[in-house]
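> Let me give you the structure first, and then I'll get to my questions.
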Amino acid sequence: MILMISSSSMSRRWFCITFGTIVLLSAVFRFWQLGQVPVSVYWDEVAMMVDIKSVLSTGLDMHGRPWYQLIYPSYGDYKLPVYIWAATASSKLFGLSEFSLRLPSAISGVLTVIVSGLLARVLFRLVVRNTYSSKFLDTLQLFVMVVVSTSPWSLMFSRTAFEGHVGQALLGTSMLLAAYGLLKKNTWIFLLSPVFGALATYTYYSVRFVWLAVFVGLCLLHFSQKFSAERGQAIQRLTKLKIELAQMILGTFIFIICLVPLLNSPLAKDADRFRLGTDSVLNNTNLVIQSNIYREIAGNTNIDRLFYNHWWLMLRELFKNISDNTSPLFMFVNGDPNLRHGTTQFGLFFIILLPAFVIGSVLLLKRHLALAVFILSWWTVALLPASVPENTPHALRSLNALVPLCIVIGFGTSWIWEKVSHTGIKFTMSLFFGISLINFLSFYTAVYPKLSANDWQSGFKPFSKAVFEAQQAQSIVYVEGFDDRFYLWLMAYGPYGGDTFHKWPTNNYKFVSSGIPNNFPNILFALPKDEQLIQDIQENKRPVIAGRTTEIATRCATATLYTCQLISITDETGTPKFVVAQLQAK
């Protein structure tokens, strides 16, 4: 893929061939075994499947609310609608499955590859103007595409149903429309940007904090370049920018107006309360206690109260979290320790690209300071939603920084490629990059599925099917309470439909909870005492206990009133994980 870029004359024909090859390979990386790797769906994904299942059959979500609602209550975590709408459309076309659920994210991954390359080209034309040749811009565009296409960060999130991944693709598309509209002086294209920005916000919550800052930053970047290029007095030059200034204000206004329905949603306050309830530097009461302790130790003078104010401690904690999300180890070596967000063996980007990132950053700061400030601002603003919560680093919450980081790395790579004239060195660079890519793909497809299986709730699907088989055999099934969200798998893969869901009572949008009757006939979510099991056997209810292998095997081994016939349930990797025990009196 990289060797194609080494053509001494980047003709349009070769450019198109290389462009198409990158897009094709990026699609292969994202669509191959989509729905099978990772091996299973996790809580949020299966909850979306339940809503989609209900919408497809009734036009209403699992709680009987209309499909066009702007906030889905889901299982109490309040999801935004765009991903569910997109996955509903793909499920309508291909049937409800893990593949169709994750398809919108895979498409967004390919879209990000294309958008990032185009945005890099447009930004350099908009800001740098005639500094670089068309050949270099071709190289830049293609290298940025290669970086996105092969980034473990982009690849992994392209293969899972994370709303944040679709949100960042729409954010990048919005910035491309704004930059292209400014470049071509096309107001209509420019004003499509806030529409796509609003669409991105309706996809992932954190975009609402990022889009406005990046949009205004892009407009100010353009203003600064145009202002410096204009001749005449400062007042005259500012007057010439009034059209662009009016466009920025109008774009901001359109974005805000588009968000009004979301802000006025009856579930908006509940959704904000749910997210603000996450442990973060904003609600860390330990910082207040720590502040008081420091003041007392220091003497509690006015200066001490100033220097040891809890707001300073909060700011220090925020900067610490930002440093976690910008750490070279996180970005280029280990990645996110959460196995749903990373492999722990590879960074967000391959380590071989670290020199390109450093060189690209230095060159931007030295040659194009305004552009460097814009990209750095985008990165910083994108990291804030990822740095306020306590658990850092966080690859998912920082996804809005994917595009600007890839532009920096792509710029550094393009500069290195242009400066290196020796074919052997270029071949060696390509070889090491290819080895890095093959190493990652091999690990991701051969090792990662089993390594990350538990993090993806592996075995929940086959276990839910085993529970239903026992239920259909007219047994009463007692399910160990190993996870209070397991019922979502029963709803997604069971014989129930939307009409049934709508009749079931809920407690805080949960279908299994204390204080509500059992919604699943002959399936109870707790293991009873042995006396109850014996009574069920005597009444010919054919009791079955089901749950994790260790827990059920231990229960059966210590039972004195009954014997167990254990049926092992393996997860998607072939690892025994659950058992179903049929009971008989001794």
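> Say R0 is 25 Å: what FRET efficiency, to the nearest 0.05, do T428 and K366 get from their beta-carbon distance?
About 0.40, to the nearest 0.05.
> Restricting to Cα pairs below 8 Å that are 6+ residues apart, what does the relative contact order work out to for the chain? Please round to a whole percent.
Taking the mean separation of contacting Cα pairs over the length of the chain, I get 16 percent.
> Could I ask something else about it? Given a Förster radius of 35 Å and the C-beta distance between S421 and S224 as r, what FRET efficiency does 1/(1 + (r/R0)^6) yield to the nearest 0.05? The partial results should precede the final answer.
Numbers: r = 35 Å, r/R0 = 1.01.
After rounding, the FRET efficiency stands at 0.50.
> Separate question: In whole angstrom, how far apart do the alpha carbon centroids of region 48-86 and region 500-567 sit?
Region 48-86 and region 500-567 have Cα centres spaced 29 Å from each other.
> Also, I was wondering about something else. Under 13 Å from the Cβ of A86, count the other residues' Cβ atoms, weight Lys and Arg +1, Asp and Glu -1, and hand me the total. Spell out each step's value before the answer.
Values: positive: K79, K92, R102; negative: D51, E163.
Its environment carries a net charge of +1.
> Taking the C-alpha atoms of region 402-483, how large are the radius of gyration and the largest Cα-Cα span, Dmax, in Å?
Radius of gyration, then largest Cα-Cα span, for region 402-483: 24.6, 75 Å.
> For region 339-440, report the convex hull volume of the alpha-carbon atoms normalised per residue, in Å³, without decimals.
97 Å³
> Hey, what angle do you get for helix 81-94 against the long axis of the chain, alpha-carbon based, 0 to 90 degrees rounded to 10?
70 degrees
> Sticking with this one: Compute the helix-to-body angle for 423-446: its Cα long axis versus the longest principal axis of the chain, expressed 0 to 90° and rounded to tens.
Here the helix axis deviates by roughly 20 degrees.
> Would you mind pulling out the separation of the Cα centroids of region 105-171 and region 413-461, in Å?
Distance between centres, Cα-based: 18 Å.
> Considering only the other residues whose Cβ falls under 11 Å of the Cβ of G109, what net charge follows from Lys and Arg at +1 and Asp and Glu at -1?
Here the count lands on +3.
> Note the direction-averaged projected area, equal to a quarter of the hull surface, for the Cα convex hull of region 1-149, in nm².
11.2 nm²
> At N454 and V216, where each label point lies 7 Å from the Cα along Cα→Cβ, what is the point-to-point distance in nanometres?
If labels sit at N454 and V216, their model points lie 4.6 nm apart.
> Next question. How do the peptides 327-333, 200-206, 575-581 rank, highest first, by the average count of neighbouring beta carbon atoms within 10 Å per residue?
200-206, 575-581, 327-333
> Right, something else. How far, in degrees from 0 to 90, does helix 12-31 lean away from the longest principal axis of the Cα atoms of the chain, to the nearest 10?
Between helix and principal axis, roughly 20 degrees.
> Count charges around I545 for me, please; just the other residues with Cβ under 9 Å from its Cβ, Lys/Arg as +1, Asp/Glu as -1.
So the surrounding residues net to 0.
> Give me the Kirkwood hydrodynamic radius of the chain in Å, from all C-alpha pairs, to one decimal place?
This gives a value of 26.6 Å.
> With only alpha-carbon atoms in the gyration tensor, what are the semi-axes of the equivalent ellipsoid for region 456-585, in Å, largest first?
One finds semi-axes of 24, 18, 13 Å for region 456-585.
> Sorted by mean Cβ packing within 10 Å, highest first, what order do the peptides 505-515, 155-165, 346-356, 87-97 take?
Ranking, from highest mean packing down: 155-165, 346-356, 87-97, 505-515.
> Another question, if that's okay. May I ask for the Rg/Rh ratio of region 499-552, computed from Cα atoms with Rh as the Kirkwood radius, given to two decimals?
On the way: Rg = 13.9 Å, Rh = 13.3 Å.
Rg divided by Rh gives 1.04.
> May I ask for the percentage of alpha-carbon pairs in region 352-503 that lie more than 23 Å from each other?
Taking all Cα-Cα pairs of region 352-503, the fraction more than 23 Å apart is 64 percent.
FYI, it's all coordinate maths here, none of it is from the lab. Predicted model, so just to flag it, every value in this text is computed and none were measured. Counting neighbours? That spans all protein chains shown, and the Cβs are built from the backbone with ideal geometry, glycine included.
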